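What follows is one structure encoded as structure tokens, with my remarks underneath.
The values are calculated or read from the model by the stated rules, or taken from the named source; none is laboratory data. Owing to the predicted nature of the structure, the values given are computational and were not obtained by experimental measurement. Cβ sites come from the backbone with ideal geometry, for glycine too, and all protein chains shown count toward neighbours. Ligands, DNA and RNA are stripped out before the accessible areas are found, and what is left, the full protein with its side chains, is counted by its heavy atoms. Shrake-Rupley method; radii C 1.70, N 1.55, O 1.52, S 1.80 Å.
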Amino acid sequence: MNVLVIGSGGREHALAWKLAASDKVQHVYVAPGNGGTALDKRLSNLALTDPHLLADFAVENKVALTVVGPEAPLSQGVVDIFRARGLRIFGPTKAAAQLESSKAFAKAFMERHGIPTAAYGTFSDPAEAHAYIDKIGAPIVVKADGLAAGKGVVVAMSLDEAHEAVRFMLEDNTLGVVHNAGGARVVIEEFLQGEEASFIVLCDGKNVLPLATSQDHKRIGDGDTGPNTGGMGAYSPAPVVTPNVHARAMQEIILPTIAGMAKDGVPFTGFLYAGLMISPEGQVKTLEFNTRMGDPETQPILMRLKSDLVDVLLHATDGTLDQVELQWDRRVALGVVMAAAGYPAAPRKGDVITGLPTQAAGTEDTMVFHAGTTLQDGVLAVSGGRVLCVTALGDSVKAAQQHAYAALAPIQFNGAQWRTDIGHRAIIKR
């Protein structure tokens, strides 16, 4: 069969790579793809982003399954458009994708359905937002109510930082937030203590299938310092998600969310990502929902998945996920993101990338997933903020970490930056 993956990042490269490994797949198209997907002979890049044109392509090229990677096409209703044409596509409808595209929608939904989350207020008036910050105090969390490519959250440790975030999001919009209908809004939340983890499941509208646990590193610098990013690396499994935490996340967050969406007349299909805050006592609260797989969590998770992803997604689009049991590699997978000069504020594009492994498919235990790369006239260059995710398997977190950094060492481009401590929390725990 022919398969289509929509998106251009590291998550989409990993999805396409895993789908292409299935015996059932003849060819995988990636729209628009990146330099890494261009280098893999099993994949073809497609210079299309318009949802209607993508649906036309799927009809004309007998695409049997489409998988949506990023949030923007979901919020544009790509799933609704494909389904209206009778095409098989995995992802949430535009209405269901509001769990991610609108922080205000998600917080109101959680409040309505009794799903544990931080106390909050929603504001469109800057003066009211500033007054709320002064009343609550710092630390405090300011979130843009719209899509911001993983950079619309400021964990403000001081009042000045919180007020500045409101100015960025509500008054100047220097973060480039895609605002929802009704204009600019922010959600301001209480600061939660604990450790974050990524809890990602597949949903078919009724049944839920959890993926392997994972944890990412959001801040740019070693020791979790500096500004938040879309993620500088990740590993799977996450020791912080104990069996007790896993059970609580399912019972208190995931299952009530799927039931609540169905009750509200918006059944949820697709990947559901709950960002969890786990307290030292093992209580869980929802920091946010994403309606797609995380990036860079997808890369380590799919390195560990032994099941045929095509089979899994066919069940997911048939509403029969209850018939699936996933098989996982027992080893740890860890991915390190190499980012562009100037990331996250102003990533520089155009720097030439050298030193990549020669085989595009990677070795059995190491894979370089591309995100912000482009291939022109045989030259690979930087085209985005997060450039590569060097991912490796190992018998322990430490071993996976060593393999990933060894694979990263020969890769070069001007101004490249990466963290040297991905996985440090898991190593301390063990």
Take peptides 290-297, 54-61, 137-144 and line them up by average Cβ neighbours within 10 Å, highest first, as a rough protection proxy.
290-297, 137-144, 54-61
For segment 289-355, averaging the sequence separation of alpha carbon pairs under 8 Å that lie six or more residues apart and dividing by its residue count, the contact order in percent is 32
Would you work out if segment 22-87 is rounded, prolate or oblate? Take a ≥ b ≥ c from the square roots of the eigenvalues of the alpha-carbon gyration tensor; rounded if a/c is under 1.5, else prolate when a/b is larger than b/c, oblate otherwise.
oblate
Based on DSSP H runs of at least 4 residues, each adding -39500 (n - 2.57), what is the mean residue ellipticity at 222 nm of the chain after dividing by all its residues, to the nearest 500 deg cm²/dmol?
-7500 deg cm²/dmol
What are the lysines whose alpha-carbon lies under 21 Å from the alpha-carbon of residue 218, with same-chain residues fewer than 8 places away excluded?
103, 143, 151, 285, 398, 429
Quantify, in whole percent, the carbon and sulfur part of the accessible surface of the chain (1.4 Å probe; protein heavy atoms only).
51
Mind checking which lysines have their Cα closer than 18 Å to the Cα of residue 306? Skip sequence neighbours fewer than 8 apart in that chain.
18, 24
Quick one: 3J(HN,Hα) in Hz for segment 301-318, Karplus 6.51/-1.76/1.60 with θ = phi - 60°, rounded, Gly and Pro as x.
4, 6, 4, 8, 6, 9, 5, 6, 5, 4, 4, 4, 6, 5, 4, 4, 7, 8
With a/c under 1.5 counting as rounded, go ahead and sort the chain into rounded, prolate or oblate using the C-alpha gyration tensor (a ≥ b ≥ c being the square roots of the eigenvalues; past the cut-off, prolate if a/b is larger than b/c, else oblate).
rounded
Need the full-extension length gain, residue 160 to residue 402, defined as separation in residues times 0.36 nm minus the C-alpha distance. One decimal, nm.
83.2 nm
Under the rule a/c < 1.5 gives rounded, and otherwise a/b versus b/c splits prolate from oblate, where does segment 94-133 land using the Cα gyration tensor?
oblate
Quick check for you: with a 1.4 Å probe and neighbouring chains kept, what is the accessible area per residue of the chain, in Å²?
39
With a Förster radius of 35 Å, plug the Cβ-Cβ distance of residue 56 and residue 377 into 1/(1 + (r/R0)^6) and report the FRET value to the nearest 0.05.
0.75
Can you tell me the FRET efficiency between residue 283 and residue 108 if r is taken as the Cβ-Cβ distance and R0 is 25 Å, rounded to the nearest 0.05?
0.70
Highest first, please rank the peptides 228-240, 117-129, 413-425 by the mean number of other Cβ atoms sitting within 10 Å of their residues.
228-240, 413-425, 117-129
Assuming R0 = 41 Å, what is the FRET efficiency of residue 167 and residue 323, from their Cβ-Cβ distance, to the nearest 0.05?
0.20
